[in-house]
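Notes follow the structure.
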Amino acid sequence: MKKANKSLAFIVALLLLCSMLAACSGGASSASSAASQNSAGGGSTEPTGAVTINAARPIPDDLSFPDGDTMEENIWTRLYESELGIQLNYIWTTPVAQYDQKLNISITSGDLPDIFQVNATQLKQLVDDGQLADLTDVFSNTATAYTQDVMNSDGGNALLSATFDGKLMAIPKMGSGIGNSNVLWIRTDWLEALGMDAPKNMEELLDLARAFTNNDPDGNGQKDTYGLALNKDLWGMFASVEGLFNGFGAYPNMWVEKDGSLESGNIQPEMKNALQALQNLYKEGCIDPEFGVKDGFKVSEDVSQNKLGIMYGFFWNMGWLTDAKTANPDMEWKAYSIVGEGSDAALVQVPFAVDTYFVVSAACAHPEAAVQMLNLQLEKTYGESAEPDKYNVDTTGNPIFEYPLIYCEPPMKNLDAQVAVTAALDSGDTTALNAEQMGYYEQIVSYREGNEENWAACWGAEMMYGPEGSLAVLNEYMNGKAYNNRYFGPSTTTMTQADAVLNQSQLQVFTEIIMGGDIAKFDQYVTDWKSLGGDTITEEVNQWNSER
């Protein structure tokens, strides 16, 4: 896992490289740079005075820093102090995997940092307990014009999900919903070796999985490949299968509209058809029999070792395969739109983009500091005065974008970049490209010219930002091929209480079915889901829908 994490950090770094909490304590006055405020287009980036913010945060695995820097002392903490007069003091940090557990202890004890991040369930609990600051006026008065544009770019749904009884109680970690939709990745060198075409429907896809399993696509004379990649968690990350379920008209882990009301996609009959298809592939040996113990990182290693030929996943999946591309230059993948049954077009599910929120303790004397840090991060990384080679990734590949306490990004930035880069590749005119887009353009040109330096990373840029890249597929989805999650409100009371049990039940039952269990277990799962809180959650979701 560690190796895979390093590979991910490395590719993200290289893709960007070429482009270039206690209470808050007041103190002496410190002025912010006027340039930062003006370039942001309004709002306030200037603190009320030098303040100390006590914070807590998770730390990504294998996070690297320039020599002498740490999470407590780095380019972003220094920027907070010089630009905003904010001294950031981490009272605790912990690896990502341990963060929720440690934070839950802090929530229970009432010993909260000033600023920290939470999931939707924790947010609801903290709001109900009155432990958070109301950020309504703070955001309205402090957020710059650019920040407000970014945070409202989804029509205001992200902010609405952080709003309780008309009060904004958190800053949603803005990201891209469509950017987390599945594309269909296929090894095209294997297609060519077997003389087959890319599948146009689900039947052809399943046949291709069988061919990649049984017909020796790697030409080594051994039956040592699997057609379809799966990870043990089924959803998200590398080798997820949301896209396969979508091909059967099923939408797991989101809310769908049916007969005028909202229902959980998890219990719809179409889910059963997708599970049956996966079970058939498993029985035929087209799925690794050990998938149930392999996370996305381990599956990516299997892909790198030429064991897998089809996977659903994110647009950036090729970013995990640069080492494999270096070792095996003839390996070729291509992203395709997901396929449906027969001639029917499949709609890809678009998850609600926000699952993390930044919150401020009710005890904090300077809640505006959170919005000031957000203003600064958005401007320095994506605004008109952005310096991506300094504030996203430095010249030695350190992932600077991981350092800010509060981080958001414009939801459409990657899709927009693909369009801009492709236009520049066609015309040769790069004047319309921003610094980040210019980096992708230069990488693709370098790859096409056969330059050896960072060759595999530049191949990754072609796979994502090129004219036939995965982001071109996502842009295609935007033309009537996307199905958005119909629920984007805050966690309901029963969600907070029951989600963990419901999610555990789903994974257990679905895995059992895929590995050969009686398909009738799905019907029992639906019954159990309803009785374990699902029916009440459905009532709460529909009440929200009727009142919004």
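The values are calculated or read from the model by the stated rules, or taken from the named source; none is laboratory data. This one's a predicted model, so the numbers in the text were calculated from it and none came from an experiment. All Cβ positions, even for glycine, are placed from backbone atoms using ideal geometry, and neighbour counts span all protein chains on display. Each accessible area value is taken on the protein alone, full model and side chains, heavy atoms only, with ligands, DNA and RNA left out. Shrake-Rupley method; radii C 1.70, N 1.55, O 1.52, S 1.80 Å.
Evaluating 6.51 cos²θ - 1.76 cosθ + 1.60 at θ = phi - 60° for every residue in the range 52-62, the Karplus couplings come out as 10, 10, 8, 10, 9, 6, x, 10, x, 4, 6 Hz, glycine and proline recorded as x. Here the dipole of the chain is about 580 debye; that uses its Cα centre as origin and unit charges on the Cβ of Lys and Arg (positive) and Asp and Glu (negative).
Relative contact order of the range 50-176, taken over Cα pairs closer than 8 Å and 6 or more residues apart, is 24 percent. Looking at the range 278-434, the accessible area is 35 square angstrom per residue; that uses a 1.4 Å probe and ignores ligands, DNA and RNA. With all protein chains in place and a 1.4 Å probe, the accessible surface of the range 411-533 carries 49 percent carbon and sulfur.
Hey, how many Å between the Cα centroid of the range 77-140 and the Cα centroid of the range 438-475? Value for the Cα centre distance between the two parts: 38 Å.
In terms of distances greater than 26 angstrom between alpha carbons, the cross-link table entries Lys200/Lys334; Lys223/Lys294; Lys390/Lys413; Lys173/Lys390; Lys102/Lys521 yield Lys102/Lys521. Run through the DSSP bridge list for the chain and note the antiparallel percent, rounded to the nearest 5. Of those bridges, close to 60 percent are antiparallel. Here the range 317-373 has 49 percent of its accessible surface on carbon and sulfur atoms, given a 1.4 Å probe and all protein chains in place. In terms of overall dimensions, the chain has a Cα radius of gyration and Dmax of 23.8, 74 angstrom. Here the gap between Asp344 and Ala145, fully extended at 0.36 nm per residue and compared with their Cα-Cα distance, gives a gain of 67.4 nm. The apolar share of the surface of the range 111-161, taken as the fraction of accessible area on carbon and sulfur atoms (1.4 Å probe, ligands and nucleic acids excluded), comes to 42 percent.
With all protein chains kept in place, the per residue accessible area of the range 455-504 amounts to 38 square angstrom at a probe of 1.4 angstrom. Taking 7 Å steps out from each Cα toward its Cβ at Asp426 and Asp528 produces label points 5.2 nm apart.
Packing order of peptides 242-254, 184-196, 447-459, highest average first: 242-254, 184-196, 447-459 (average count of other Cβ atoms within 10 Å over each peptide's residues).
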